[in-house]
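Read the structure below first, then the notes.
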Amino acid sequence: MSDKTANQMWGGRFAAGPDAIMEAINASIGFDQRMASQDIAGSRAHAAMLGATGILSDKDVEAIREGLLTVLSEIEAGTFQFSTALEDIHMNVEARLKEMIGEPAGRLHTGRSRNDQVATDFKLWVRDQFDAAEGALLSLIAALLDQAEAGADWVMPGFTHLQTAQPVTWGHHMMAYVEMFGRDLSRVRDGRARMNESPLGAAALAGTSFPIDRQMTAEALGFDRPAANSLDAVSDRDFALEFLGTASICAMHLSRFAEELVIWSSAQFRFVTLSDRFSTGSSIMPQKKNPDAAELIRAKVGRIFGANTALMMVMKGLPLAYSKDMQEDKEQVFDAADNWMLALAAMDGMVRDMTANRESLAAAAGSGFSTATDLADWLVRVLGLPFRDAHHITGSLVALAESEGCDLPDLTLAQMKTAHEGITEDVFTVLSVENSVASRTSYGGTAPVQVRAQVARWREVIA
């Protein structure tokens with residue numbers, strides 16, 4: 001494509017073609033060609049509306065429709081020749097359409113601007129990504145529910161400060177992530193619903209004098225309604241920021257889970273075994289099995305957070321309506337979407353393939369005086385002691401067990417009585433980790449009965 005041809009697309013605005021630097025900084029076709037199908041869908045809806053309202057003839061609309069389908073087939077087949085001189089996906093498509101059908105191609109842009117066109121394309125693309133994220137989250141939640149149900153009564157240590165705190169169940173721990181990713185799912189659905197207003201027909205910034213039907217194009221493209229203010233319609237990138245914000249929170253959850261999988265799969269913990277499909281060996285140490293997929297998920301959050309911050313910085317100082325700065329919105333979102341989808345898929349695969357090592361979990365659950373709180377609760381419940389006194393007595397028994405090199409259940413009744421004469425043999429019924437977790441029957445607690453109830457509830461939610 002010559003500079004002369006490019007200038008003609010601009011209606012002769014420039015006397016000479018831009019130099020190489022201007023062409024490079026101004027062009028977005030290198031990345032916005034990803035929106036080709038959305039661009040053509042928007043143009044087809046716009047053309048159909050122009051025909052229905054009598055702005056274009058049926059003959060022109062049919063030529064445009066057939067031409068756009070041919071352009072789309074060329075793009076999908078990989079035979080379309082993209083031109084940097086034509087700057088973006090919109091001008092590339094229009095130029096090719098003109099080559100094929102001639103004058104009617106020039107009428108396609110009646111009643112719209114590249115400003116509302118790009119906003120529409122980008123919204124359609126982001127909406128598709130929200131839909132993809134919803135599917136990925138539903139699959140990951142289902143995988144976690146399977147793990148939770150299988151290990152509803154498997155005991156493991158619960159941690160605070162990465163120190164053994166109280167015993168919990170494997171199912172309870174898995175369900176904690178179900179709740180996290182469930183909130184992400186809610187944000188995805190909420191963001192998609194809020195963004196589903198059509199910018200098409202807002203034109204450059206003030207609307208158009210042509211008798212267009214914005215409701216028709218909105219419905220054709222699956223939007224709930226047209227955007228109500230033309231200035232806002234072309235200026236708004238909240239939908240992209242909400243997408244990045246939602247992706248950032250979810251990526252943080254993925255990273256937290258990935259960190260636990262890195263720890264749990266270590267030789268020191270041995271809580272889980274990750275499949276070979278999501279691990280690698282060492283180039284020099286044959287005994288090693290590295291949790292590379294989990295580590296890479298943990299790192300992806302940086303790119304996604306960075307995209308969110310970058311777009312915030314692009315948008316923060318822009319006056320209404322459109323500014324060329326907004327061309328810098330897409331690469332951030334494209335990269336974040338790619339990495340979010342990849343991280344979700346990798347985590348889904350790891351969760352489905354991983355094996356919880358029940359014996360290691362149980363052994364760890366019974367160490368570190370994990371039932372100390374159960375002992376304190378027993379002193380309050382059975383002996384009627386104030387909790388602060390019970391806390392002090394329990395602390396002294398923990399110190400005794402430490403000095404004896406044993407855990408609380410291994411102390412004798414006589415040793416227990418040195419801390420408080422009222423302690424009886426019944427105390428040992430609460431010192432096993434199994435009894436501890438079974439007793440936590442409060443709503444949302446770790447008891448197997450509660451875990452199974454929550455699994456059942458979530459299966460209904462995602463059905």
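Read-outs: derived from the displayed coordinates by stated rules, not from any lab. Remember, it's a predicted structure, so these values are computed and weren't measured experimentally. Reconstructed Cβ throughout: ideal geometry from the backbone, glycine too, with neighbour counts over all protein chains shown.
Working out 0.36 nm times the residue gap between SER57 and SER439, then minus their Cα-Cα distance, what length gain in nm do you get to one decimal?
Full extension of this stretch gives 130.0 nm more.
Extension gain SER367-ARG457, at 0.36 nm per residue separation less the Cα-Cα distance, in nm?
Details: separation 90, 0.36 × 90 = 32.40 nm, distance 3.23 nm.
That works out to 29.2 nm of additional length.
To the nearest 10 degrees, how steeply does helix 58-77 sit against the main Cα axis of the chain, on a 0 to 90 scale?
The angle comes out near 50 degrees.
Using the basic label-point model (7 angstrom from Cα toward the beta carbon), what is the THR110 to SER37 distance in nanometres?
A separation of 3.0 nm, rounded to one decimal place.
What percentages, rounded to whole numbers, describe P(r) for the range 175-231 computed over all alpha carbon pairs with 5 Å bin width beginning at zero?
Computed distribution, short to long bins: 4, 18, 19, 16, 11, 8, 8, 6, 5, 2, 1, 0.
Principal axis lengths of the range 203-266 from Cα atoms, whole Å, largest first?
Taking max minus min along each principal axis of the Cα atoms, the range 203-266 gives 67, 22, 13 Å.
Report the Cα-based extents of the range 138-190 along its three principal axes, largest first, to the nearest Å.
Answer, in whole Å and largest first: 37, 26, 10 Å.
Rule-of-thumb check for the range 367-462: C-alpha Rg over 2.2 N^0.38 Å? Could the numbers behind the result be given before it?
Numbers: Rg = 15.9 Å, N = 96, 2.2 N^0.38 = 12.5 Å.
Rounded to two decimals, the normalised Rg is 1.27.
Below 26 Å Cα-Cα, how many Lys pairs turn up in the chain? Only count pairs eight or more apart in sequence, or on different chains, if you could.
15
How far, in degrees from 0 to 90, does helix 448-462 lean away from the longest principal axis of the Cα atoms of the chain, to the nearest 10?
Value to nearest ten degrees: 10.
Quick one: helix 330-353 against the long Cα principal axis of the chain, what's the angle to the nearest 10°, folded into 0 to 90?
It works out to around 40 degrees.
Cα atoms only: what Rg and Dmax, in Å, come out for the chain?
30.7, 100
Which value in Å does the Kirkwood hydrodynamic radius of the range 291-391 take, with 1/r averaged over all unlike C-alpha pairs and then inverted?
One over the average 1/r among Cα pairs gives 18.8 Å for the range 291-391.
Quick check of the Kirkwood formula: for the range 299-454, what is the inverse mean of 1/r over all pairs of different Cα atoms, in Å? Intermediate values should be presented prior to the final figure.
Details: mean 1/r = 0.0487 Å⁻¹.
Here the Kirkwood hydrodynamic radius works out to 20.5 Å.
For the chain, calculate the relative contact order in percent as a whole number, restricting contacts to Cα pairs under 8 Å that are 6 or more residues apart.
16 percent
Any chance you could list P(r) for the range 20-110, counting all Cα-Cα pairs in 10 angstrom bins from zero, rounded to whole %?
For the range 20-110, the binned pair fractions read 18, 48, 27, 7, 0 percent.
Run the helix sum for the chain: -39,500 (n - 2.57) per DSSP H stretch of 4+ residues, divided by residue count, reported at 222 nm to the nearest 500 deg cm²/dmol.
-20000 deg cm²/dmol
Taking 25 °C and 0.890 mPa s as the conditions, I'd like the Stokes-Einstein D for the range 142-237 in µm²/s, using the Kirkwood hydrodynamic radius from alpha carbon pairs.
Details: Rh = 17.3 Å.
Translational D for this selection: 142 µm²/s.
Net charge around ALA399, counting only other residues with Cβ within less than 15 Å of its Cβ (Lys, Arg = +1; Asp, Glu = -1)?
It works out to a net charge of -4.
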